[in-house]
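The values are calculated or read from the model by the stated rules, or taken from the named source; none is laboratory data. As the structure is a prediction and not an experimental result, all values here were calculated from the model. Virtual Cβ from ideal backbone geometry, glycine too; neighbours counted across all protein chains shown.
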Amino acid sequence: MMNDLIRDWTFVPSRASCYFRRQRIKDLLFHLRPAPPTQIMRAATPATEWILYFMFLPGGTLAPSHRFTLPRLAASGMKLLIVCATPQPSDIPADVRDHADALIWKALPGFDFSAYAAGLWHLATASPGAHVLVLNDSVLGPFTELKPFMARARWDLTGFTASRNDENHIQSYAFILRNVTRWRLLTISTVLPKWLSFHRFGEIVRSQETRFARVAAHHMSVGAFWFAPDDANKDPTLFTPGELLDDGYPFIKRSAVGKFRHVLPPAIVSDLEERLTAYSHPAIE
């Protein structure tokens, strides 16, 4: 155990509150929408390992943090599939096209799970059996090599971090899914549906992110590299980021130095900003 973080934790299900479960029923009955349009711009080819990176670019422009991340993902030793959300396919920046081994355009609605579904279902057809590291642009980095995490992942579904918030769950900003096939995706299709999606953040947290590990655990092994067992640590990427980074964690959550910086202890924010400077990361826009 590392302070209040547990390393290499095997998922144990817990029970969400009655209120939370009722809200999920409402989500599933009333709030599912058709999945946003997608277009395969460059098809994937068979490979053993892929990174699936979701980028949300409503203005069709890259932030400096994207320019830091893209070459590092492209140089990871794994193939790179980018799912890029822009208003139109023509709005995808040239730098995104240049770094991608495979590229899917996605319309703006639907948040990250609709992008994950589009990318994973494509890989299940184009590169069946691949091991896939999935992440989105809510994280800065990576600041360490990602490929060793593929070898370290001992479960079929591995989260980078996991939390007890609402119920035991892996956090969905980054995870590894091994042996991606259409059959495997069918077993988790209530969380990653091919043709449907939620379009509001609360629905995605309630009915996708916090259910993901529990649904998957019926069909595969599930765990996380780091787990916060303390109810007070609702998000280890926000409340114990220094401990994670000291233990080899490869990311910093953008929100820790962005929209949540004013609700976190100043010492945490200052430490993360100093680390970003040491990593030669550009200033957060």
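Can you report the number of residues in the range 86-104 which are of a type in the set (D, E, K, R), farther than 20 Å from Ser127 by Cβ and touching a residue at least 12 places away in the same chain (Cβ under 8 Å)? Working first, answer last.
We begin by selecting, within the range 86-104, every residue of a type in the set (D, E, K, R); these are 91, 95, 97-98, 101.
Among the residues that remain, those that are also farther than 20 Å from Ser127 by Cβ are: 91, 95, 98.
If we keep only those that are touching a residue at least 12 places away in the same chain (Cβ under 8 Å) too, we end up with 91, 95.
Of the residues in the range 86-104, 2 are of a type in the set (D, E, K, R), farther than 20 Å from Ser127 by Cβ and touching a residue at least 12 places away in the same chain (Cβ under 8 Å).
Okay, residues lined up against (1) under 20 Å from Ala228 (Cβ atoms); (2) touching a residue at least 60 places away in the same chain (Cβ under 8 Å); (3) loosely packed, with under 15 Cβ neighbours inside 10 Å:
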| site | (1), (2), (3) |
| --- | --- |
| Asp247 | yes, yes, yes |
| Pro250 | yes, yes, no |
| Ser255 | yes, yes, no |
| Ala267 | yes, no, yes |
| Glu273 | no, no, no |
| Thr277 | no, no, yes |
| His281 | no, yes, no |
| Glu285 | no, yes, yes |
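Would you check which residues across the range 157-174 are crowded, with 19+ Cβ neighbours inside 10 Å and either among the hydrophobic types (A, V, I, L, M, F, W, C) or over 24 Å from Phe56 (Cβ atoms) (or both) and list them?
Leu157, Phe160, Ala162, Asn168, Ile170, Ala174
Go over the candidates Asp8, Asp4 one by one and state the one that is acidic (Asp, Glu), surrounded by 13 or more Cβ atoms within 10 Å (Cβ to Cβ), in contact with an Asp or Glu (Cβ under 8 Å, 6 or more places away or on another chain) and touching a residue at least 60 places away in the same chain (Cβ under 8 Å). Full working, then the answer.
On the way: Asp8 fails: in contact with an Asp or Glu (Cβ under 8 Å, 6 or more places away or on another chain).
Asp4 is the lone residue from the list that is acidic (Asp, Glu), surrounded by 13 or more Cβ atoms within 10 Å (Cβ to Cβ), in contact with an Asp or Glu (Cβ under 8 Å, 6 or more places away or on another chain) and touching a residue at least 60 places away in the same chain (Cβ under 8 Å).
Got a sec? Which helices (runs of 4 or more DSSP H) wholly within the range 1-99 have at least 1 residues that are under 17 Å from the mean Cα position of the chain (by Cα)? Quick ask: steps written out before the conclusion?
Numbers: elements: 18-26, 64-74, 94-99.
It comes to 64-74.
For the range 1-58, which positions are aromatic (Phe, Trp, Tyr) and within 30 Å of Arg97 (Cα to Cα)?
Of the residues in the range 1-58, the ones aromatic (Phe, Trp, Tyr) are 9, 11, 19-20, 30, 50, 53-54, 56.
Within the range 1-58, Trp50, Tyr53, Phe54, Phe56 meet the criteria.
Using the structure shown, decide if Ser90 is at pLDDT 95 or above, out of contact with any strand residue (DSSP E or B) (no Cβ under 6 Å at 6 or more places or on another chain) and either at positive phi or of a type in the set (S, T, N, Q) (or both).
Values: at pLDDT 95 or above: yes; out of contact with any strand residue (DSSP E or B) (no Cβ under 6 Å at 6 or more places or on another chain): yes; either at positive phi or of a type in the set (S, T, N, Q) (or both): yes.
It is true that Ser90 is at pLDDT 95 or above, out of contact with any strand residue (DSSP E or B) (no Cβ under 6 Å at 6 or more places or on another chain) and either at positive phi or of a type in the set (S, T, N, Q) (or both).
Enumerate the helices (runs of 4 or more DSSP H) found wholly within the range 155-237, keeping only those where 3 or more residues are of a type in the set (A, V, I, L, M, F, W, C).
On the way: elements: 182-187, 201-204, 210-216.
Hits in the range 155-237: 182-187, 210-216.
So if I check each of Ile6, Ile51, Ile82, Ile40, which one is modelled with pLDDT of 95 or more, farther than 27 Å from Phe143 by Cβ and in contact with a strand residue (DSSP E or B) (Cβ under 8 Å, 6 or more places away or on another chain)?
Details: Ile6 fails: farther than 27 Å from Phe143 by Cβ; Ile51 fails: farther than 27 Å from Phe143 by Cβ; Ile82 fails: farther than 27 Å from Phe143 by Cβ.
Of the residues listed, the single one that is modelled with pLDDT of 95 or more, farther than 27 Å from Phe143 by Cβ and in contact with a strand residue (DSSP E or B) (Cβ under 8 Å, 6 or more places away or on another chain) is Ile40.
Six or more apart or on different chains, Cβ under 6 Å: which pairs go from a residue in the range 46-58 that's acidic (Asp, Glu) to one that's at pLDDT 95 or above and not in a strand (DSSP E or B)? Could you list them?
Glu49/Met78; Glu49/Met150
Among (1) surrounded by 21 or more Cβ atoms within 10 Å (Cβ to Cβ); (2) of a type outside the set (Lys, Arg); (3) without any contact (Cβ under 8 Å) to a residue 12 or more places away in the chain, which single condition is Leu123 missing?
(3)
For the range 145-180, give me the residue count where each residue is out of contact with any strand residue (DSSP E or B) (no Cβ under 6 Å at 6 or more places or on another chain) and small (Gly, Ala, Ser).
2
Identify, from the list Leu108, Leu135, Leu103, the residue that is modelled with pLDDT of 95 or more and crowded, with 24+ Cβ neighbours inside 10 Å. Lay out the reasoning, then the answer.
Numbers: Leu108 fails: crowded, with 24+ Cβ neighbours inside 10 Å; Leu103 fails: crowded, with 24+ Cβ neighbours inside 10 Å.
Going through Leu108, Leu135, Leu103 in turn, the sole match is Leu135.
Considering only the range 186-201, how many residues are without any contact (Cβ under 8 Å) to a residue 24 or more places away in the chain and aliphatic (A, V, I, L, M)? It would help to see each step written out before you state the result.
Quick first cut of the range 186-201, residues without any contact (Cβ under 8 Å) to a residue 24 or more places away in the chain only: 186, 189.
Those still in the list that are aliphatic (A, V, I, L, M) too: 186.
The total comes to 1.
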